[in-house]
Amino acid sequence: MPSIESNTNESVVVTGSALSTSANHNANPVQIVTAKQINATGMTNLGDFLQRLPSIGSSGTTNSQTNGGGGASCTDIRNLGQSRVLVLIDGKRTSLNGASACVDLNTIPVQQIASIEILKDGGSELYGADAVSGVINIKLRHDLTTGNITIKGGVTGQGDNLTGQISGYKGWNFDHDKGNITVFGSYMSQGGVLQRNRSWAANAQTNNPTSSSGVLHGSSITGDGLFYGNNTGNAYSGNGSSGVTDYNGQRYQYGQAQSLENALQNSTMSVDAHYAVNRHFDFYMNSRYSHKTSNYYMAPEPIAGSPTTILLPANYPGNTTGEPLQVYKRMMEWGNRRFETALDTWTSMAGLKGDIVGDWKYDVSYTYGMSRETDQTEGAGNYLKLLQEWGLEPSNPGNLQDPNTTFTYNPNSCAGSAGCQQSSAFSTLSQQGAAYSNYTTINHSLYQLRDLNLRINNNHVAKMPWKNGGSFGLAMGMEHRGESLNYTPDPNVVSGNTLTNTQGITSGGFNVTEGYLEGRLELLRNAFLARDLTIDAQGRYSSYSTFGSTKNWKASINWAPTQDVSFRATLGTSFRQPNVYEMYGGQALSYETATDPCAQVSSYGTLSNAVQASCAKRGINTATFTQAGSGQVATTTGGNTKLRPETGRTYTFGAVLTPRWIKGFSTSVEFWHYTLQHMIGSLGTQYILDSCYTGADSGQCSYITRNSGGQLTNVNAIDENLGNMITSGIDWDLSYHLMVTTRDVFSIENNFQRLLSYKQQNTAGGPWYNYMGSLLYQNTAGETSGVPITRDYLTLSWQHGPLSVSYMVNYISGMRWNNGTANLQPVGTQRIKTPGMYLQDLSMTYNFHRWAFTGGIQNIANKKPPFVASATDNSDGGMYGSYYNGRYFFLQAGMNF
């Protein structure tokens, strides 16, 4: 995709500045993606397309991340996290997904997009908080006088993930072309992919790859149950009917029941209108509505210590062990869990713009946005009703999460309760009994945005009085924005009366009043060795209702000695206040990929003795201890009202070459560097466990809880201000369009990124960890899952009259697996790294009169994603989600009218 410098010299307002600029005089590194480039890939979701670009990191949420993704698609820049990138639509803020606290790209139809501008530099000084890593400005089609209907369909080579899309738009001028109305509508459906239909993902490896115990697949929590002696720690297997036997090593392959990719449906409608009374008053408005539903499946709900460990008394019928038994069992009777979300997003804006006097212009607008989501989980179970059917009465029913809860046996617990079927924890519930104890949770979220925005600018306030002096431009403005979020989980989820993740209520908001000023001075124009010499300064003052005030600034310079080459540089600060979830989020219980150190002592190498001693201090015999579950540990997450804002500094410098003697050619190279301080996030579960048991940071031990049998019951990892982060790299962009004949044009577009550093502190003042070239296969670094050193996206195109063909290649370099503190070292034949990966696509477009036909193949080599011991799907959806479909075929037909 070309950078801004590859476009024409027309004066336009480009993301990163409030003043218009000619393409070759822009100091900010901005990448422009056209609608044609998106269309050539055949993508039906914007997030799936952006994932291919080298500057887009792996820390967002993708459609191939089903467990916890909530059906949302969110993006990030430079692997700095989806909370540090600002997504705009037509230069203005838009509604977030209230449940995910990000702009859900699944709600933006790709057919409505005219272009995308990606500012690969900090933007807090112009756009406010969140623009730490950069800005993605999605520009939609407006002011149309034509119409179009487009139909698209696609299917994978496996015959699944059937995709269909229909979209259309029509625009009309009225009142002698003073006004225009444009309407747009679309519907998209995507069938999803089940994990069992991909051989590489069907049986998930769950143990740490450096464990000496050999490869394990699936979960030890089965339908017959796994039981631990509460006094001895001995493991027993359920016999499926009346009691237990010695542990038989049986495992449940949960990958056979899970979704690999979300199923989606999205309906959108938008209306865009403007009316120019005269050059001083141009009224405009637009309103966008989206209704998105998504669903995915997971294996039946496991009993794994939530809301607290269930203990069968020593006198429980069938318990012949002579001691209380901890219960770990999968509730097959309730069926597979099904997660459904329904999201309604509405953003409306009305404004007035025009000329004030001379070259002074203004733009004032008010935006109201709202997103309302309802999500439900089938098969979550009712905890108290299940205990009732098993004849168990908790000692503290008023606090279901009390870790000291004990249970007594009552053989008549179902008496007087219609539908309750007296049963046993060792047997299978009847159909009626399963219906009685099963439960569907329903959660609600509501996000609201109110934004008043005033912008005033003049590109030619004054002409510099010296020879070859240029213009002085000035832009200023103010913004008052309020955001609020409410997330209300199901009452049974809040109280802990389900087997699913417990979660508290989130409610809060903030408002901010801001003012900004930008000045641009063209020191020289068309002078000797100064075709252009321009400096630009931007500043923003923000006053928050939660944190007081802050100031951010940015300075830049662009020097073009000739029209063939220019040099540019930027330096600025960034600021991000904690979002509502980070500040006010209710505590929630999630199950994070992690392995108990006491169950894999030998994998710690020279630290094995320290780990063994730490475990022994807690009464755990590492020679006989086994971890319950499937490589996941219950982890408490949530907000923290004591958080402080993040701050940072960013600088870039580079050069742009557009030689006159090579028509259609442009290339640029850019060095970029980010420093973040007081990063907001939560520590990885594995990092906390390792830090405690290796003795690296004994303070982390206070966040770890075990039950009396030694099993991990909880790790506390709420949001906090962590340490700092430093990352830097080089971007190289190239664009060349060669006219071979009057009907033949050959084009090459290439975007290349080379990482030079990526290191961070996981605790304030703690040691620095180098993650460059590492794959955080257990998401242990908080912000990212993969940090490849090299990424590249190449597009080769040939156009012959109405026919065009495009070949696209996406490359990701190989990575070593990292556990959060160091890259893994080889143990036997276990895999500890991923190879470099190439993804190839091919598409063809033919235009015939009013018709346009496009067809193509994604992943033409049917390349599988590389193996990653993720304990989920044997790969990493954030990094390699583009490979999950396998080979994918699509066809599209559109008609203009």
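Please treat every number below as a calculation from the coordinates, not as lab data. From a predicted model like this one, the values you see are computed outputs, not experimental measurements. Here the Cβ is made from the backbone with ideal geometry for all residues, glycine too, and neighbour counts use every protein chain on show.
Collect residues whose amide H, placed 1.01 Å from N in the peptide plane, falls under 5 Å from the amide H of VAL13; neighbours closer than 5 in sequence don't count.
Those lying under 5 Å, H to H, from VAL13 are THR21.
Which distance in nm do the two modelled labels at ALA764 and THR146 give, with both placed 7 Å along the Cα-to-Cβ direction?
5.8
By the scheme Lys and Arg +1, Asp and Glu -1, what is the net charge of all other residues having a beta-carbon under 11 Å from that of TYR436?
Local charge sum for TYR436: -1.
Kindly put THR21, THR675 in sequence by how many other C-beta atoms sit within 10 Å of each C-beta, fewest to most.
Ascending Cβ contact count within 10 Å gives the list THR675, THR21.
Amide H of GLY134: which non-local residues (sequence gap of 5 or more, or other chain) have their own amide H closer than 5 Å, using H built in the peptide plane?
LEU86, GLY123
If you stretched the chain out fully between TRP360 and THR705, how much longer would it get, using 0.36 nm times the residue separation minus the C-alpha to C-alpha distance?
Net length gain for the segment: 117.8 nm.
Using each residue's phi in segment 710-716, evaluate 6.51 cos²θ - 1.76 cosθ + 1.60 at θ = phi - 60° and report the 3J(HN,Hα) Karplus result to the nearest Hz, with x for Gly and Pro.
Rounded to whole hertz, the list is x, 6, 5, 10, 6, 10, 8.
Using the Cα centre of the chain as origin and beta-carbon charges of +1 (Lys, Arg) and -1 (Asp, Glu), tell me which of THR440, PRO109, LEU452 is placed farthest towards the positive end of the dipole.
Ranked along the dipole, the leading option is PRO109.
Under a point spin-label approximation (7 Å from Cα along Cα-to-Cβ), what is the MET844-ASN823 distance to one decimal in nm?
With each label point 7 Å from Cα toward Cβ, the separation is 4.4 nm.
Angle, helix 608-617 long axis vs. longest principal axis of the chain, Cα atoms, 0 to 90°, nearest 10?
With both axes taken from Cα atoms, the answer is about 50 degrees.
Run the paramagnetic zone check for ALA418: 7 angstrom along Cα to Cβ, then residues of segment 436-479 with backbone nitrogen under 14 Å.
436
Just checking my list (i) 45.0, 151; (ii) 29.0, 99; (iii) 45.0, 146 against Rg and Dmax of the Cα atoms in Å computed from this structure; which label fits?
(ii)
Could you work out how much longer the chain between TRP661 and THR741 gets when fully extended? Use 0.36 nm per residue separation minus the Cα distance between them, nm to one decimal.
27.0 nm
Across segment 520-527, in residue order, what do the Karplus-derived ³J(HN,Hα) couplings come to in whole Hz, using 6.51 cos²θ - 1.76 cosθ + 1.60 with θ = phi - 60° and x for Gly and Pro?
After applying 6.51 cos²θ - 1.76 cosθ + 1.60, I find 10, 10, 8, 5, 9, 9, 6, 9 Hz.
Per DSSP helix of 4 or more residues, -39500 (n - 2.57); summed, then divided by the residues of the chain. What does that give at 222 nm, rounded to the nearest 500?
Helix-only estimate at 222 nm: -1500 deg cm²/dmol.
Residues of segment 163-206 with amide nitrogen under 14 Å from the 7 Å Cα-to-Cβ point of PHE867?
199-206
Taking the Cα centre of the chain as the origin, how large is its charge dipole in debye, to the nearest 20, when only Lys and Arg (+1) and Asp and Glu (-1) carry charge on their Cβ atoms?
For the chain, the charge dipole is close to 1360 debye.
Once amide H atoms are built 1.01 Å from N in the peptide plane, which residues 5 or more positions from MET815, or in another chain, come under 5 Å H to H?
When sequence neighbours closer than 5 places are left aside, the close amide H contacts are THR834.
What number, in nm² with one decimal, is the all-direction average of the projected area of the convex hull of the alpha-carbon atoms of segment 199-269?
Taking the Cα atoms of segment 199-269, their convex hull projects to 9.1 nm² on average.
What list of ³J(HN,Hα) couplings, whole Hz, do you get for segment 560-572 from phi and the Karplus terms 6.51, -1.76, 1.60, once you set θ to phi - 60° and write x for glycine and proline?
10, x, 9, 6, 8, 8, 9, 10, 8, 7, 9, 8, x
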